[in-house]
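Here's the structure, in structure tokens; my notes come after.
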Amino acid sequence: MIVASALDELRIWRHGSDGDVGFVPTMGALHKGHVSLVQQSRATCDSTAVSIYINPTQFDNADDLASYPETLQKDLDTLEGLGVDCVFVPTYEVLYPDDFAYQVEERGFSNTLCGAHRPSHFTGVLTVVMKLLNLVRPDKAFFGEKDFQQLTLIRNMVDAFFMDVEIVGCPTVREPDGLAMSSRNLNLAPADRQQAPIFREILEKATSDDDARRQLGEAGFVVDYVETIEGRRLGAVSVGAADRSVRLIDNITLEL
Ligand code: PAF
């Protein structure tokens, strides 16, 4: 497995790879959700690249960035075990030679749901994903449905800019108790970890978005939003005391 931190190393690998290239962009702290994306890429492409980069431009809050879990060596071991061909581990200087002067901004959907609570978050996401797709030049790129708004915005960006890549959405992978896999789960205190699966349960069982917001509030979550769009109920909440609260997002399809 090649571990590339410089653009030239990545380009040399890309130049030498024949057939379909699959790509899984990540911020590291890999879990079974990422593993399923890599497996999907390995199953459908001839070679697979993964990026690990904690992208500062998508964090609207310095504490959230500082507390984002980092497990690089463990992640590299996991990716090697999965048969990944190339891991791209850039620095800010490598990815942002323009110091973020150029940005990809979506002016509609990105300001709703998570975007309404995390201003400029999706500008950071779309900008880094555009850069990574331009560098890796994959045939297919894999994203989890847990981040459904992100997945939709990336699909629409690829359409808007006529980018030659297939965006593949993959089902959310869950813990046995139903909690959606997320790198941020590592930051949950034990009591908050026990409470966290109730979020998904309430999203599933509530009779309306209002009912979900009410039940979540009563269960001790701080609710950012719950909204149903095209048969999918999406939500974001925080769990835990203010000084160590963790933001959870999830979405479920409603039985019609
Ligand atoms: O979903 C993520 O982990 C990130 O938003 C992504 C797509 C890797 C961009 O930094």
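The values are calculated or read from the model by the stated rules, or taken from the named source; none is laboratory data. What you see is a predicted model, and the numbers here were worked out from it, not measured in a lab. We place every Cβ from the backbone using ideal geometry, glycine too, and count neighbours over all the protein chains shown. Heads up: the accessible areas ignore ligands, DNA and RNA and are worked out on the full protein's heavy atoms, side chains in. Shrake-Rupley method; radii C 1.70, N 1.55, O 1.52, S 1.80 Å.
Would it be correct to say that Phe122 is aromatic (Phe, Trp, Tyr), in a helix (DSSP H, G or I) and open to solvent by less than 20 Å² (accessible area, probe 1.4 Å)? So Phe122 passes the test.
Examine segment 54-62 for a residue that is more than 12 Å from the ligand (Cβ to nearest atom), free of Cβ contacts under 8 Å to residues at least 40 places away in the same chain and part of a helix (DSSP H, G or I), and state whether such a residue exists. Taking every residue of segment 54-62 in turn, at least one turns out to be more than 12 Å from the ligand (Cβ to nearest atom), free of Cβ contacts under 8 Å to residues at least 40 places away in the same chain and part of a helix (DSSP H, G or I).
Note on segment 124-147: residues that are within 9 Å of the ligand (Cβ to nearest atom) and of a type in the set (Asp, Glu) amount to 1. Condition check for Arg118 on (1) within 14 Å of the ligand (Cβ to nearest atom); (2) within 18 Å of the chain's Cα centre (by Cα); (3) over 26 Å from Tyr225 (Cα atoms): one failure, at (3).
Table: residues versus (1) surrounded by fewer than 16 Cβ atoms within 10 Å (Cβ to Cβ); (2) among the hydrophobic types (A, V, I, L, M, F, W, C).
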site: Leu133; (1), (2): no, yes
site: Phe148; (1), (2): no, yes
site: Val168; (1), (2): no, yes
site: Asp177; (1), (2): yes, no
site: Arg193; (1), (2): no, no
site: Leu203; (1), (2): no, yes
site: Asp209; (1), (2): no, no
site: Ala212; (1), (2): no, yes
site: Leu216; (1), (2): no, yes
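For segment 221-228, state whether one or more residues are over 14 Å from Cys114 (Cβ atoms), open to solvent by less than 30 Å² (accessible area, probe 1.4 Å) and in contact with a Lys or Arg (Cβ under 8 Å, 6 or more places away or on another chain). No, segment 221-228 contains no residue that is over 14 Å from Cys114 (Cβ atoms), open to solvent by less than 30 Å² (accessible area, probe 1.4 Å) and in contact with a Lys or Arg (Cβ under 8 Å, 6 or more places away or on another chain). Of all residues in segment 127-150, those satisfying the criterion of being within 21 Å of Lys32 (Cβ to Cβ) and out of contact with any Asp or Glu (no Cβ under 6 Å at 6 or more places or on another chain) are Ala141, Phe142, Phe143, Gly144, Glu145, Lys146, Asp147, Phe148, Gln150.
Looking across segment 91-133, the residues that are within 16 Å of Asp8 (Cα to Cα) and touching a strand residue (DSSP E or B) at 6+ places or on another chain (Cβ under 7 Å) come down to Leu132, Leu133. Scanning segment 38-70 for residues that are of a type in the set (Gly, Ala, Ser), out of contact with any Pro (no Cβ under 9 Å at 6 or more places or on another chain) and crowded, with 21+ Cβ neighbours inside 10 Å yields a single hit, Ser47. Taking the criterion of being touching a Ser or Thr at 6+ places or on another chain (Cβ under 9 Å) and either on the phi > 0 side of the Ramachandran plot or among the small types (Gly, Ala, Ser) (or both), the residues of segment 130-166 that qualify are Ala141, Gly144.
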